[in-house]
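Have a look at the structure below before the remarks.
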Number of protein chains: 2
Amino acid sequence: MSIAKIEEFTQQEQDLAAFAKLMSHPARIAILKVLAAQNACICGEIVEVLPLAQSTVSQHLKELKNAGLINGTIDGPKSCYCINWIAFEKFMADFNALFLSLHIQKEKTCC
Amino acid sequence: MSIAKIEEFTQQEQDLAAFAKLMSHPARIAILKVLAAQNACICGEIVEVLPLAQSTVSQHLKELKNAGLINGTIDGPKSCYCINWIAFEKFMADFNALFLSLHIQKEKTCC
DNA sequence: TTGCTTTATCGTAAAAAAACGATTAATAAA
DNA sequence: TTTATTAATCGTTTTTTTACGATAAAGCAA
């Protein structure tokens, strides 16, 4: 039982894990692909493309929006979503930075 | 109820989601950091550093190993783990490729 | 051999995520 | 105004994940 055990995970570790969690479901990746492809904000069309119920898709959209990865605005009776590129780019940069910081130490393999 | 609904998610979407799921817990990110920092294969030292029980750490290691992201060999009574850089690099490359394929279409924002 | 260390596995409990149908709210169309 | 459409939310169930203690297996040290 070392002293280090008292420490929780770092903020960096938690932030990266939270971003990875967003990408950890095929539906959310598919949603991002649809949004990027349409370039415009889509709404119920996503439901048509995904093999999931409307309420489930809405739930996934909410998660992405809460995390700031997408923006959403109400457009009449429809809802309009698009990717928040600033946020997405930052997440990817942080993720790549982690990888590089690990990778830089690579010298030998032992198993 | 469109025809597309019958289709499941693509293999690419599932593979990327599976990798992201590996990174979706701070403990597993912390484990990778320890392995990279030590460069050599560690075993029970990971348990000392993480704020988790030995059995829980062992479980996380198993997940990482099953996915091929780390290698593990038995070294006497101890176990020896290290990062599978080939696999890790491929995962990161695929992940970046997804991002670029989305990003390339960025032109305007609508919301 | 006997005891100690190390780590994987088992069994289980608690928490979180995922999914759906039903309902509601809000707008647009008739 | 009445009806349609659209999408968020609610309530609930199922599944998955996370976590831990206890146990077992396997090797090392005495």
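The values are calculated or read from the model by the stated rules, or taken from the named source; none is laboratory data. Note that the structure is a prediction, hence the values are computed from the model and not measured. Reconstructed Cβ throughout: ideal geometry from the backbone, glycine too, with neighbour counts over all protein chains shown. Areas reflect the complete protein model, heavy atoms only, side chains present, ligands, DNA and RNA absent. Shrake-Rupley method; radii C 1.70, N 1.55, O 1.52, S 1.80 Å.
Take the alpha carbon gyration tensor of region B:25-99, find the square roots of its eigenvalues, order them as a ≥ b ≥ c, and report rounded if a/c is under 1.5; if not, report prolate when a/b exceeds b/c, else oblate.
Prolate, because a/c is 1.5 or more and a/b exceeds b/c.
Could you please state how large a percent of the accessible area of region A:7-111 is carbon and sulfur, counting protein chains only and using a 1.4 Å probe?
On the way: 2810 of 5280 Å².
Within region A:7-111, the accessible surface is 53 percent carbon and sulfur.
Output, in nm with one decimal and in ascending order, the distances from the B:A53 label point to the matching label points of the other copies (7 Å from Cα along Cα-to-Cβ).
So the distances to the same position in the other copies read 3.5 nm.
Residues of region B:32-59 with accessible area at least 30 Å² lower in the all-protein-chain context than alone (1.4 Å probe)?
Relative to the lone chain, where solvent access is computed with a 1.4 Å probe, region B:32-59 loses at least 30 Å² at B:K33, B:A36, B:N39, B:E48, B:P51.
Pop a pseudo-label 7 angstrom from the Cα along the beta-carbon direction at both A:A37 and B:Q14 and give the gap in nm to one decimal.
Using points 7 Å along Cα→Cβ, the separation is 1.8 nm.
Give me the net charge for the shell around A:F19: Cβ to Cβ below 15 angstrom, other residues only, Lys and Arg +1, Asp and Glu -1.
+1
Placing +1 on the Cβ of each Lys and Arg and -1 on the Cβ of each Asp and Glu in chain A, which of A:Y81, A:H25, A:H103 has its Cα farthest towards the positive end of the resulting dipole?
Selected residue: A:H25.
So if I take the centroid of the Cα atoms in region B:26-94 and the same for region A:20-57, what is the distance between those two points in Å?
Here the answer is 32 Å between Cα centres.
Chain pair B, A: how much accessible area is buried, both chains summed, with a 1.4 Å probe, in Å² to 100?
Buried area (both sides, nearest 100 Å²): 5000 Å².
To the nearest 10 square angstrom, how much accessible area does B:I42 have with a 1.4 angstrom probe?
Roll a 1.4 Å probe over it and B:I42 shows about 10 Å².
Which distances, in nm and shortest first, link the A:A97 label point to the same label point in every other copy, taking 7 Å along Cα→Cβ?
2.7
For a Förster distance of 25 Å, can you work out the FRET efficiency between the beta-carbons of B:S58 and A:K106, rounded to the nearest 0.05?
Efficiency computed from Cβ-Cβ geometry: 0.55.
Could you sort B:H60, A:H25 by accessible area so the largest value comes first, with the probe set to 1.4 Å?
A:H25, B:H60
Considering only protein heavy atoms, what per residue accessible area in square angstrom results for the protein assembly as shown with a 1.4 angstrom probe?
53 Å²
Keeping all protein chains in position, work out how much accessible area B:C80 exposes to a 1.4 Å probe, and write it in Å² to the nearest 10.
About 20 Å², ignoring ligands and nucleic acids.
Please report the accessible area of A:M23 (heavy atoms, 1.4 Å probe, ligands and nucleic acids excluded) in Å², nearest 10.
Using a 1.4 Å probe on the heavy atoms, I get roughly 0 Å².
When each copy gets a label point 7 Å from Cα toward the beta-carbon at A:C80, what are the spacings between them in nm, shortest first?
For A:C80, the inter-copy label distances come out at 6.0 nm.
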